[in-house]
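Read-outs: derived from the displayed coordinates by stated rules, not from any lab. Computed from a prediction, not measured in an experiment: that's the story for all the values here. Cβ placement follows ideal geometry from the backbone for every residue including glycine, while neighbour counts extend to all protein chains displayed.
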Amino acid sequence: MIEVRGLTKRFGDVAAVDGLSFDVAPGKVTGFLGPNGSGKTTTMSMIMGLNRPDSGSVTISGKKYKDLRWPMREVGGLLEARAIHPGRSAYAHLWSLAQYGGVKKSRVEEVIDLVGLTSVAKRRVGKFSLGMGQRLGIAAALLGDPAVVLLDEPVNGLDPEGIRWTRSLCRELAGEGRTVLISSHLMAEMALTADQLVVIGRGVLIAELPVDEFVARSSKRSFKVRASNLEMLIPALEDAGALTLRETSACLTVMNLSAERIGELALEQQNALYELTDLCSLEDAFMELTEGALQYRATA
Amino acid sequence: MTQDLLIRDEVTESKSRAGLQCALRGEWTKFWSLRSAGWSVFALAFVTYGLCYLSTSALRGHTEVTDPIMRVLVGFNFGQFVMGVLGVLFLSSEYSTGQIRSTMASMPRRGIVLGAKAIVIGGFGLVLGEVLSFSTYFLGRFILSGQASQISLSQPGVLRVLIESGIDLAIVGVIGLGIAAIVRSSAASLSIFTSIMLVLTVVFFALPGVIVNVLSRYLPANISSTVFASTTPSQLQGTPLFSPFIGLLLLALYAIVLLGVGGWLMAKRDT
C-alpha cells in the first residue's frame, strides 16, 4: 500500500510534481501514466526516498521510506535511468545490493534465474543490451522479495518477448497480493497490464480510475480497413461522413464511422473486405485526457 | 577468497535493521568487484617499488646520505595520489553512473553509506599502505646492503616512518572520498583533490609572504613530506613545519571535516 498525499517537488521555478495525491492498493497492478516530463519519475523517486519532497508525504505501509527497517525487503524499485555501475558484473551488482539489504546469497541466484540472465551473470554490465539492463534492474527490484514493487518504464528497450514476460510478471506479482506500480507513457501497454490507472500531466493528477472504466470512456473509435478496391471504397466512406487516412497502398484508417456502416458500404459496392479491425483508441483517449498537460508538443 | 572476508553469516534476520554492518559488506563487495581495485594496487606497487629502486640505486657508492629511508619511500609521494584518486572515484563514479540511486534506495540513511565507504577505503589504504611501506623498506635495504648508507629498523625514526606512511595513505584516500561526497562529479573532485595536494603547494611558494609562512605548514603535501622522512626538519624553506604526528592528526581532522560536510550534504540533497 502506497499513500501519496499532497506531494510537491519544485526544480527551480518549475513544479515537477504539484500537490499530487493518490493511493496504490495491494493485489492490483496500478499503471502510472503521463506524457514525458509529466513528473512520473520524480514521483517514483520521492516514493523511493531518493528525492526530497518540498511538501506533502509518501508512506509505504504507513511508514516513511527512510524509517523502513529493511527497505529492500519492503520496497523494490526499477528506476528509469539504469542505476548500475557498468564495470561490475550483474552478479556482483546484485550481491552488493543483497548485502546492503540483508538478503541471502541464494536469493541473488534466484532472481538472476527469474529474469533469465543466468548465462551472462558474470559478464560486466557495461556490455549489456538495453533489454538485458532492464532485466537486471527488475532482478534488483525483486531481490528483497518486497511487498511493494515500483517499476519505472519497465518495458523500455525490451523485445516483444520481454514485454510479454514483464506483463505476466506484473500480473503474477499482483496475484501474490503485492502492491505493483508501473509507469509508462504508452496507454495501450497499460491497458493490457494494469487494473487501475493513475494519470498525471504536468505533475498534477488528471484521473484515478479502473482501466475498464477508462476504456469505456474513450469516445473516438477508429478502424483499420483493407479491401479489394480501396480507391472505390474511400469516396463512399467519406460521403457517409467518415474521415479516412491512407496508411499504405493497401491499408486505410477510418474514423467517425461504425464498423457496421463500413461493412454495409463495402457490401453495396460488391467490394470484398479483407480486414476490419477495431483500432484500440486508448491512445486517443489518453491524448484527450492529457491534452492540456503536454509538456513537450510538436507544433507541426 | 577476498570476497568472503566480511561475510560471516548470510542470514541477517536476527538483526533489527539494515545498518552499518550491512553497508560495510555491500561496500566491500562493490570495492573488489571493480577492475579499478586491482589496477590501483598494481599502480601503487609499481610506483613505490619502481621509484624505490631508482632512487635507492642512485645512492650506491655514495658515502654521505641524509635520510636514506626518505629516498627509499619516495614513491609514497605519488602513491598518495593513486590512493586519493581511488577514494574520489569510489563515490563519484556512483554519481556518474547512477549507481548511487540503487545504493541510496537500499540504504536511505545516507550517512551510513558514506561511513561504510570511508571505513572500506581507509581500511584498504591502511593495510595496503603498511604492506607497501614495509616491503619497500626491505627492497631498499636489499639494494643498499653492503653500501655506506644502509638502513635498518633500529635507526632512529625509521620504524615511525614506515608505520605512519601507511596511515598517511589511508587518510589521503578518505580525503579523496570526502571531496567526492561534497562535489559529486568525478572531474571536479579530481581537480580539487590535485589542487589541494599539488597546485596549492606550488602557488604558495610562488607567493611568499607572512601569511604564506603561517599557512603553508597546513598543506597536506607539506605534512606528508615530514611523515615520509626520518630526520624531520622543523622548517621548510624558512617556514615552520608540524611534527609528523601532529601533522597526521591534522590530516585526519581534514578527512573528518570533509566527511562531515559531505555526509551532511548527501543527507540534505536529492540523490
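Remarks
- Here the dipole of the protein assembly as shown is about 2320 debye; that uses its Cα centre as origin and unit charges on the Cβ of Lys and Arg (positive) and Asp and Glu (negative).
- Set of aspartates and glutamates near A:K9 by C-alpha distance (under 14 Å), chain-local residues within fewer than 8 positions excluded: A:D18, A:D54, B:D270
- Stretching the chain fully between B:S191 and B:L159 yields a gain of 8.2 nm (0.36 nm per residue, less the alpha carbon separation).
- Given charges at Cβ of Lys, Arg, Asp, Glu: the stretch B:10-142 dipole, positive-most of B:W28, B:I100, B:V85: B:I100
- 18 Å tail of the calculated P(r), the stretch A:32-188, as % of Cα pairs: 58 percent
- MRE, 222 nm, helices only [DSSP H, n ≥ 4, -39500 (n - 2.57), over chain A, to nearest 500]: -10000 deg cm²/dmol
- For the stretch B:153-237, the mean projected area of the C-alpha convex hull, equal to one quarter of the hull surface, is 6.4 nm².
- Once the Cα-Cα distance is subtracted from the 0.36 nm per residue extended length, the A:D67 to A:E3 segment shows a gain of 21.5 nm.
- Model label points for A:K105 and A:T59, set 7 angstrom from Cα along the Cα-to-Cβ axis, are 4.0 nm apart.
- Sorted by Cβ density within 10 Å, fewest first, the residues B:R17, A:R202: B:R17, A:R202
- Ranked by how many other Cβ atoms sit within 10 Å of their own Cβ, fewest first, the residues B:R141, B:R60 fall in the order B:R60, B:R141.
- ³J(HN,Hα) computed for each position of the stretch A:236-249 - Karplus, 6.51 cos²θ - 1.76 cosθ + 1.60, integer Hz, glycine/proline x: 4, 5, 5, 4, 7, x, 7, 9, 10, 9, 7, 7, 9, 5
- A:E172/B:V214 FRET efficiency (R0 60 Å; Cβ-Cβ; nearest 0.05): 0.30
- Close amide H partners of A:A16, meaning residues 5 or more places away or on another chain with modelled amide H under 5 Å apart, are A:K9, A:R10, A:F11.
- Anisotropy class of the stretch B:117-260 from Cα gyration tensor, a/c 1.5 cut: oblate
- The string of couplings for the stretch B:57-65 from the Karplus curve (6.51, -1.76, 1.60, θ = phi - 60°) is 4, 5, 7, 4, x, 7, 9, 9, 10 Hz, one whole number per residue in order, with x for Gly and Pro.
- The three principal axes of the C-alpha atoms in chain B carry coordinate ranges of 64, 48, 28 Å, sorted with the longest axis first.
- Alpha carbon convex hull of the stretch B:70-147, volume per residue in cubic angstrom: 84 Å³
- Difference of contour (0.36 nm per residue) and Cα-Cα distance, A:D239 to A:R164: 22.9 nm
- For A:L151, residues with placed amide H under 5 Å, excluding near neighbours: A:L78, A:L181, A:I182, A:S183
- Alpha-carbon Debye profile of the protein assembly as shown, log10 I(q)/I(0) at 0.11, 0.12 Å⁻¹: -1.01, -1.12
- Partner chain coverage, peptide A:86-97 - average Cβ within 10 angstrom: 5
- Farthest toward positive dipole pole in the protein assembly as shown [+1 Lys/Arg, -1 Asp/Glu at C-beta], among A:A250, A:A15, A:I200: A:A15
- Across chain A, counting alpha-carbon atoms alone, Rg and Dmax equal 22.7, 71 Å.
- Positive-end ranking of A:T118, A:L136, A:P146 along the dipole of the stretch A:117-157, with charges on Cβ about the Cα centre, is headed by A:T118.
- Antiparallel %, DSSP beta bridges [both residues in chain A], to 5: 65 percent
- Each of B:F134 and B:L20 was given a label point 7 Å from its Cα along the Cα-to-Cβ line. The distance between the two points is 2.6 nm.
- The HN-Hα couplings worked out from phi for the stretch A:156-173 by the Karplus form 6.51 cos²θ - 1.76 cosθ + 1.60 (θ = phi - 60°) are 4, x, 8, 7, x, 5, x, 5, 5, 4, 4, 4, 6, 4, 4, 4, 4, 4 Hz, whole numbers, x standing for Gly and Pro.
- Taking the number of Cβ atoms within 10 Å of each Cβ as an exposure proxy, the fewest-first ranking of B:R101, A:R226 is A:R226, B:R101.
- Within a straight-line Cα-Cα reach of under 16 Å, B:K117 can be paired with the following aspartates and glutamates, leaving aside sequence neighbours fewer than 8 residues apart in one chain: B:E27, B:E94.
- Note on A:E247 and A:K127: with the Förster distance fixed at 35 Å, the Cβ-Cβ geometry gives a FRET efficiency of about 0.35.
- Cβ-Cβ FRET estimate between B:K268 and A:M232, R0 fixed at 56 Å, reported to 0.05: 0.20
- Helical content alone sets the calculated 222 nm signal of chain B at -23000 deg cm²/dmol, taking -39,500 (n - 2.57) per DSSP H segment of four or more residues and averaging over every residue.
- Computed label-point distance, nm, for sites A:R10 and B:H62 using a 7 Å Cα→Cβ extension: 6.5 nm
- In a reduced charge model with +1 at each Lys and Arg Cβ and -1 at each Asp and Glu Cβ, the stretch A:16-169 shows a dipole moment near 560 debye about its Cα centre.
- Stokes-Einstein translational diffusion, the stretch B:40-82 - Kirkwood Rh over all Cα pairs, 0.692 mPa s, 37 °C, in µm²/s: 308 µm²/s
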